[in-house]
1. Roughly how many nanometres apart are two label points built 7 Å out from the Cα toward the Cβ at Asn109 and Thr31?
2. If you filter segment 51-105 for trypsin sites (Lys or Arg not before Pro), then keep DSSP loop positions with at most 12 other Cβ within 10 Å, what is left?
3. Tell me, what ³J(HN,Hα) does each residue in segment 67-79 have, in order and in whole Hz, if you take phi through Karplus 6.51 cos²θ - 1.76 cosθ + 1.60 with θ = phi - 60° and put x for Gly and Pro?
4. Hey, any idea what the orientation-averaged projected area of the convex hull of the chain's Cα atoms comes to, in nm²?
5. Could you work out [θ]222 nm for the chain from helices alone, using -39500 (n - 2.57) per DSSP H run of at least four and dividing by all its residues? Round to the nearest 500 deg cm²/dmol.
6. Given His64, Gly101, Asn44, which one lies farthest toward the positive end of the charge dipole of segment 18-127, if we put +1 on the Cβ of every Lys and Arg and -1 on the Cβ of every Asp and Glu?
7. Taking all protein chains in place and a 1.4 Å probe, what share, in percent, of the accessible surface of the chain do carbon and sulfur account for?
8. Need one number: nm distance between label points at Ser18 and Leu126, each 7 Å from Cα along Cα→Cβ, rounded to one decimal.
Amino acid sequence: MGELKLLLYVAVGGALGSVCRYMAAGFLKDTGNGTFPWHMIFVNTFGCLLVGFFVSVLYAKLPHPRWVSLFYWGFIGGFTAFSSFIKEGMHFFLSGEHVTGLLYLVLQNSLGLAAGVCAFWIGRVLL
């Protein structure tokens with residue numbers, strides 16, 4: 001498959017993932033106390049679940065490159081954004097809320113890793 005076609009799959013998946021991220025974050029924005037970005041933690045943790053499951057599929061059988069480009073590089077890449085994670089963390093530290101910033105960074109990393117690992121093993125069992 002040509003590189004240009006694969007880039008198109010990444011672009012389409014990325015656009016869909018970004019729109020889904022925006023919609024999910026907007027829907028969840030009013031959860032919690034309003035000062036802590038629980039919506040971003042949920043979105044990124046759910047994205048890590050998707051990554052873990054997708055990686056388990058890769059181990060079970062190698063999917064076609066178009067699906068890897070569309071779903072993994074595109075959709076999940078657009079759905080989870082490292083820049084948003086950093087922006088939220090920086091906000092707390094720049095506002096002098098160091099404990100909250102540290103809590104956010106620890107929660108985001110530990111929940112994301114746990115979600116990815118759990119989804120990987122669940123995927124391995126199911127496949």
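1. 2.3
2. On the way: sites: Lys61, Arg66, Lys87; in loops: Lys61.
Passing both the DSSP loop test and the Cβ count: Lys61.
3. Couplings: 6, 4, 5, 5, 8, 6, 5, x, 4, 5, x, x, 6 Hz.
4. Values: hull surface 33.7 nm².
Over every viewing direction, the Cα hull of the chain projects on average to 8.4 nm².
5. Details: 4 runs with 91 residues, N = 127.
Computed mean residue ellipticity for the chain: -25000 deg cm²/dmol.
6. Positive-most Cα among the choices belongs to His64.
7. Numbers: 5920 of 7950 Å².
Summing carbon and sulfur atoms, their accessible area is 74 percent of the total for the chain.
8. 2.8
The values are calculated or read from the model by the stated rules, or taken from the named source; none is laboratory data. This is a predicted model, so every value here is computed, not measured. With ideal geometry, Cβ positions are generated from the backbone for all residues, glycine too; neighbour counts draw on all protein chains shown. Just the protein is used for accessible areas: all its heavy atoms, side chains included, with ligands, DNA and RNA removed. Shrake-Rupley method; radii C 1.70, N 1.55, O 1.52, S 1.80 Å.
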